[in-house]
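Note sheet for the following structure.
The values are calculated or read from the model by the stated rules, or taken from the named source; none is laboratory data. For clarity, every value in this text was computed on a predicted model and none was experimentally measured. Every residue, glycine among them, receives a Cβ derived from its backbone with ideal geometry; neighbour counts consider all protein chains shown. These accessible areas exclude ligands, DNA and RNA; they are computed on the full protein's heavy atoms, side chains included. Shrake-Rupley method; radii C 1.70, N 1.55, O 1.52, S 1.80 Å.
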Amino acid sequence: MPEATTETIDILDRKLERAFELMDSDANGELVEGDLLVLADRLAAAFERGEDPARKERLRNALHRIWQDHLAGMDDDGNGYVDVAEFTRGFRAAASDNRGKFLANVSEVVAAWMDLVDVNGNGQIDVDEYRLMYESAFGITPEDLEYGFRQLDRDDSGELDEQELRQATEEYYTSSNPDSPGNWLFGPL
Ligand SMILES: [Ca+2]
Ligand SMILES: [Ca+2]
Ligand SMILES: [Ca+2]
Ligand SMILES: [Ca+2]
């Protein structure tokens, strides 16, 4: 494997730190399984489609699997929680050592999340739904949102389909390229 430059290391670390912040619901820097369950409840409560218990359960199950299969084993110092350094190290390792299973598991989390956001229920995410996904969570400018959406919508159809989301998820968690469209999965970095 060629040595990565400092710059390319930073972009993947930044994305993983962003993912950590998303998952650490009480923002105390200590990731435990309870954070993921709170996250599932919070997202389900934020969207009308989350009132359907099956959708909420799907997201909880997907996050539980991430915990069980990957995160639980990342607590290297055994202090009962995963900190951001253990998380970035562990995610990098999981994405290279156990890539197929890891990507299937994170894709299921993204799909379950998108299923809450898919207001019109057509199985795809349009720009209004994409906006809805972030406006409650982050202070993102409309320009950034539109730009990010266009990055992810590779075939310019005006909708993000499952394949586009899967590709974005893979790039988000594994690519060190600062220009990867998938870097925009969770908005600007
Ligand atoms: Ca926490
Ligand atoms: Ca730890
Ligand atoms: Ca839709
Ligand atoms: Ca598309």
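Nothing charged except the Cβ atoms of Lys and Arg (+1) and of Asp and Glu (-1): what's the magnitude of the dipole of the chain about its Cα centre? Round to the nearest 20 debye. The partial results should precede the final answer.
Values: 18 positive and 43 negative charges, 86 e Å.
The dipole magnitude comes to about 420 debye.
If you count only protein heavy atoms with a 1.4 Å probe, what accessible area per residue comes out for the chain, rounded to a whole Å²? Please list the in-between numbers first.
Numbers: 9570 Å² over 189 residues.
Value returned for the chain: 51 Å² of accessible area per residue.
Span-like helix criteria (full DSSP H runs; alpha carbon extent of at least 24 Å along the helix axis; mean Kyte-Doolittle hydropathy of at least 0.5) are satisfied in the chain by 99-117.
Which value in deg cm²/dmol, rounded to the nearest 500, describes the helix-derived mean residue ellipticity at 222 nm for the chain, given -39,500 (n - 2.57) per DSSP H run of n ≥ 4 and division by the residue count?
Numbers: 8 runs with 115 residues, N = 189.
That calculation yields -19500 deg cm²/dmol at 222 nm.
Tell me, what % of the accessible area of region 6-175 is carbon and sulfur with a 1.4 angstrom probe? Mind showing how you got there, number by number?
Numbers: 3900 of 8400 Å².
Result for region 6-175: 46 percent of the exposed heavy-atom area is carbon or sulfur.
Two decimals is fine: what is log10 I(q)/I(0) at q = 0.08, 0.12, 0.15, 0.19 Å⁻¹ for the chain, from a Debye sum with one equal scatterer on every Cα and no solvent? Each listed q maps to, in turn, -0.24, -0.56, -0.91, -1.49. Contact order for the chain, expressed relative to its length and based on alpha carbon pairs under 8 Å spaced 6+ residues apart, stands at 23 percent.
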